[in-house]
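The values are calculated or read from the model by the stated rules, or taken from the named source; none is laboratory data. All of these numbers come straight from a predicted model, not from anything done at the bench. Cβ: placed from backbone, ideal geometry, glycine included. Neighbour counts: every protein chain shown.
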Amino acid sequence: MKPSGEDREAQAGDPWEECFEAAVQLALRAGQIVRKALSEEKRVSTKTSAADLVTETDQVVEDLILSELHQRFPSHRFIAEEAVAAGAKCVLTASPTWIVDPIDGTCNFVHRFPTVAVSIGFAVDQELEFGVIHDCTEERLYTGRRGRGAFCNGQRLHVSTETELSRALVLTEIGPRRDPATLKLFLSNMERLLRARAHGVRVIGSSTLALCHLASGAADAYYQFGLHCWDLAAATVIIREAGGVVMDTSGGPLDLMSCRVVAAGTREVAMLVAQALQTINYGRDDERSHWTHVLITCSLDFFPECKSQGACVLQPEVDVSAVCPPPLMPLLK
Ligand code: IPD
């Protein structure tokens, strides 16, 4: 019997070479689709909040990536943003697993703000093996492979060596929630970093590309509450391979499913950022209670009359599907 692609690779030196090459090709193809669609009319829907957007292009690109990968690597597992939003499980097992964000920066994409990326990460035994991120408009391809360095269009990446927060440029992203308590904590975290005399705090609308800027040494630190494993997986390998650190906001080891992260060029700056932050609890990607919480938050946001009562009794004529992701609908009944 002729060995399959998977078997051939397992026998060779780098068992994941073929997977890496497939990720590069797909990220480039997907990037072309996103770049073309950027200037076209879009059908936009909301997911967990009014600021958490999705378009038909997110779905087209995700379908393309998942179907091609599934055909080539049928035994592999997948975690992908739109599939999870539609109810798929978000659990990282020991199996080879692809972690895909078809368009990172969907809100930018909707507004034609040209900071959007395709992100493909790959993990085996719950360890991240490689990451590929395509900056669709700048045509930059960022790659990182465990033990083999990080590159942008073939140029080796190195993080900044800054050790002082008072000389750091810090990046963050807002996350999907807009309820007053979350916004207060978000703004107060920014204030804390500015009071610690960080040179600046930037929000560019794509967590993966912000993390790529960190990997390139164009910024010194990144933190966020409310990002997902598909925002983080590929970028984590790229930053680590560029010499940087990626950790939990507590200062402990990164937990890919915890929806929170601090990354920096140096451990010193990462720890200083972590110490300055107050936690915003977004739950976990791999726990359903997280989605229940999102449901409650988004419902209360959208139906102020329920807010004062701390509960949400929706009238039959209310179109809940406009504000809540489909898998959460049964919880409302
Ligand atoms: C989002 C973006 C955004 C960040 C969110 C992410 P998406 O990804 O990276 O900047 O604030 O936390 O989920 O929804 O555009 O793929």
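Quick notes on this structure:
- Of residues in region 194-206 being away from the ligand (no atom under 15 Å from the Cβ) and aliphatic (A, V, I, L, M), the one farthest from V54 (Cα to Cα): A196
- Filter pass, F73 being aromatic (F, W, Y), within 11 Å of the ligand (Cβ to nearest atom) and over 17 Å from L232 (Cβ atoms): no
- Test for R260: is it among the charged types (D, E, K, R), touching a residue at least 60 places away in the same chain (Cβ under 8 Å) and within 16 Å of the ligand (Cβ to nearest atom): no
- Flag if S49 is of a type in the set (S, T, Y) and surrounded by 14 or more Cβ atoms within 10 Å (Cβ to Cβ): yes
- Per the conditions (1) buried (at least 17 other Cβ atoms within 10 Å of the Cβ); (2) under 22 Å from S216 (Cα atoms); (3) within 13 Å of the ligand (Cβ to nearest atom), the sole criterion not satisfied by F113 is (1).
- From the options L227, L232, L214, L209, residue that is in a loop (DSSP other than H, G, I, E, B), within 16 Å of the ligand (Cβ to nearest atom) and in contact with a helix residue (DSSP H, G or I) (Cβ under 9 Å, 6 or more places away or on another chain): L227
- Region 119-149, residues that are under 23 Å from T55 (Cα atoms) and touching a Lys or Arg at 6+ places or on another chain (Cβ under 9 Å): I133, H134, C136, T137, E139
- Looking only at residues in region 61-77 that are in a helix (DSSP H, G or I), of a type in the set (A, V, I, L, M, F, W, C) and touching a residue at least 40 places away in the same chain (Cβ under 8 Å), the one that is surrounded by the fewest Cβ atoms within 10 Å (Cβ to Cβ) is L69.
- Any hit, region 164-184, residues being within 11 Å of the ligand (Cβ to nearest atom) and among the β-branched types (V, I, T): yes
- Residues of region 258-274 that turn out to be in a helix (DSSP H, G or I) and more than 13 Å from A219 (Cα to Cα), as a count: 6
- Checked against the criteria, C152 does not count as modelled with pLDDT of 95 or more and surrounded by 21 or more Cβ atoms within 10 Å (Cβ to Cβ).
- Region 39-55: number of residues that are farther than 16 Å from V116 by Cβ, more than 9 Å from the ligand (Cβ to nearest atom) and not acidic (D, E): 6
- Hits in region 78-121 - residues which are assigned to a helix (DSSP H, G or I) and not aromatic (F, W, Y): E81, E82, A83, V84, A85, T106, C107, N108, V110, H111
For every residue, the table says whether it meets (1) without any contact (Cβ under 8 Å) to a residue 60 or more places away in the chain; (2) assigned to a strand (DSSP E or B); (3) charged (D, E, K, R).
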| position | (1), (2), (3) |
| --- | --- |
| A123 | no, yes, no |
| E129 | no, yes, yes |
| H134 | no, yes, no |
| L141 | no, yes, no |
| T163 | no, no, no |
| V170 | no, yes, no |
| I174 | no, no, no |
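- Number of positions in region 78-110 that are more than 16 Å from the ligand (Cβ to nearest atom), surrounded by fewer than 22 Cβ atoms within 10 Å (Cβ to Cβ) and of a type in the set (V, I, T): 2
- Among the residues of region 147-184, the ones that are closer than 21 Å to V269 by Cα and not basic (K, R) come to 18 in all.
- Of the set (1) within 16 Å of the ligand (Cβ to nearest atom); (2) among the charged types (D, E, K, R); (3) surrounded by fewer than 17 Cβ atoms within 10 Å (Cβ to Cβ), all apply to D58 but (3).
- Screening L183 on (1) under 14 Å from S49 (Cβ atoms); (2) under 15 Å from the mean Cα position of the chain (by Cα); (3) surrounded by fewer than 18 Cβ atoms within 10 Å (Cβ to Cβ) shows it passes everything except condition (2).
- Odd one out for V246 among (1) crowded, with 23+ Cβ neighbours inside 10 Å; (2) in contact (Cβ under 8 Å) with a residue 40 or more places away in the chain: (2)
- Of the residues making up region 1-37, those that are modelled with pLDDT under 95 and under 26 Å from the mean Cα position of the chain (by Cα) number 1.
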